1. Just want the ordering: Y139, Y368, Y131, from fewest to most Cβ atoms lying within 10 Å of their own Cβ.
2. Kindly write out, for segment 373-390 in residue order, the coupling ³J(HN,Hα) from the Karplus curve 6.51 cos²θ - 1.76 cosθ + 1.60 (θ = phi - 60°), rounded to whole Hz, with x marking Gly and Pro.
3. Using the basic label-point model (7 angstrom from Cα toward the beta carbon), what is the A79 to F434 distance in nanometres?
4. On average over all directions, what projected area in square nanometres does segment 16-93 have, based on the convex hull of its Cα atoms?
5. Pick out, in residue order, every one of the trypsin sites (Lys or Arg not before Pro) in segment 1-89 that is DSSP loop and has at most 15 other C-beta atoms within 10 Å; say none if there are none.
6. Would you work out the charge dipole size for segment 59-130 about its Cα centre, treating the Cβ of every Lys and Arg as +1 and the Cβ of every Asp and Glu as -1, and quote it to the nearest 20 debye?
7. Quote the Stokes-Einstein diffusion coefficient, in whole µm² s⁻¹, for segment 47-130, based on the Kirkwood radius over alpha carbon pairs, a temperature of 4 °C and a viscosity of 1.567 mPa s.
8. Report the one residue of A152, T56, L40 whose Cα lies farthest in the direction of the positive end of the charge dipole of segment 30-235 (charges on C-beta: Lys and Arg +1, Asp and Glu -1; origin at the Cα centre).
Amino acid sequence: MSRVNILDFRGENLSKRFLKQSLPRAAETHADVERRVADLLAEVRTGGSEAVKRFTATFDGVDLERLRVPEEALDRAEADLAPDVRAALVESISRAETVAADQRPADVSTQLAAGARVTTRYLPIERVGLYVPGGLAVYPSTVVMNVVPALAAGARSLAIASPPQSTGLPHPVVLATAAILGVREVWAMGGAQAIGALAHGFDDAEVLEPVDLITGPGNAYVAAAKSLVRSQVGIDAVAGPTEIIILADSSARPAYVAADLISQAEHDELAASVLVTDSTELAEAVEAELERQVPAAAHTERIATALGGVQSAIVLVDDLEAGIDVVNAYAGEHVEIHTEDAAAVAARITNGGAVFVGDCSPVSLGDYCAGSNHVLPTMGTAAHSSGLGVHSFMKVSQVIDYDRQALKQVADHIEVLAGSEQLPAHGAAVSIRFEE
């Protein structure tokens, strides 16, 4: 396999600027892709379902008579689902529902004075489009991660879009998962054309009502499409390639660390797998484990390419303090802590989409059965963004309720501030209420 890049930060001044310039990252390609996707979206907007079918034939090699998945196909997929897969999905759903139930915020009413009240309301997004990718793998877990928090938030209408296979339908396990969760609106469409269809809707041979929010991961074309439609609809994020960053000291188990780097690299050739350590002995042991484990993996070529890419590296640092600085600067999608007193170290990680603590909390746990969500910020955006959750499917509205006396208490202040901003009509809108 290709050797993993070694970056030696020992003795460096780990300033924010240095780390931003020096940390391994996948190349940003959205700008180039967006130029190609823009024309496609314009055709979907005007051409409706026929345009989506045309692009599906071109990009997926599937000729479709209809895009919406018949409900009997959902029921058939659920009935045909292997019992062990169903049991695993039910457990995953149950744990995700338990966590989501505790995430829903309660409305807050604040009394500022007699007759002066502001109520902060948390309201569900009414209609949500959930994108479930196809490509190199099958992602029923993504159905769970999108649908469960949307339902917990109270979204009234859900539409799933997922690429069709040669059968003309999305993967049967994806369909079965939707059926288990009670989602009956599923569309056989993928890629940028699916994002355009969800954003704009169509009303020709079939009817797809446009959504208010689009969530879910996808490739560079999906990400570019989401970026381009976010002036019409909300989106969760413009995601880049998946990534893991592991902070480990000499107490870490090299076989575990290597296995977790490999599991992330398995996603695709652009996946980023980064190890940060102050132990050269551990770094060498992990390299040896990679040499042993990668050839035995099912997707050896894909993994080796990802591990050998510029986005992956073993980063050597002076000590654990420096390692924490590097991890926080990287702001990774998945952060694993393999150190002594891992919980205390994890508490100091302030930038991470999801943080996994200790030997028995691998990212794979979060992908399926931790109860957490695996749709997470990438490319350093965990420094300012959050993973998918109930909050992603809600909006905040404030209700202002003042009576006459309460308004009078602040009337002079309003007029002064309005005058300072040279907006006298704002002040007059208050003073006129006391001229009677």
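Since every read-out is calculated from the coordinates, none of them should be taken as a lab result. Keep in mind that what you see is a predicted model, and the values were worked out from it rather than measured. Note that we place each Cβ from the backbone using ideal geometry, even for glycine, and neighbour counts take in every protein chain shown.
1. Numbers: Y139 23, Y368 17, Y131 28.
Lowest to highest Cβ neighbour count: Y368, Y139, Y131.
2. 9, 9, 8, 10, x, 10, 6, x, 6, 5, 5, 9, 10, 10, x, 5, x, 4
3. 7.3
4. For the Cα atoms of segment 16-93, the hull's average projected area reads 10.4 nm².
5. Values: sites: R3, R10, K16, R17, K20, R25, R35, R36, R45, K53, R54, R66, R68, R76, R86; in loops: R3, R10, R25, R66.
Filter output for segment 1-89: R3, R10, R66.
6. Details: 9 positive and 14 negative charges, 140 e Å.
The calculated dipole for segment 59-130 is roughly 680 debye.
7. On the way: Rh = 18.4 Å.
Translational D for this selection: 71 µm²/s.
8. Highest projection toward the positive end goes to A152.
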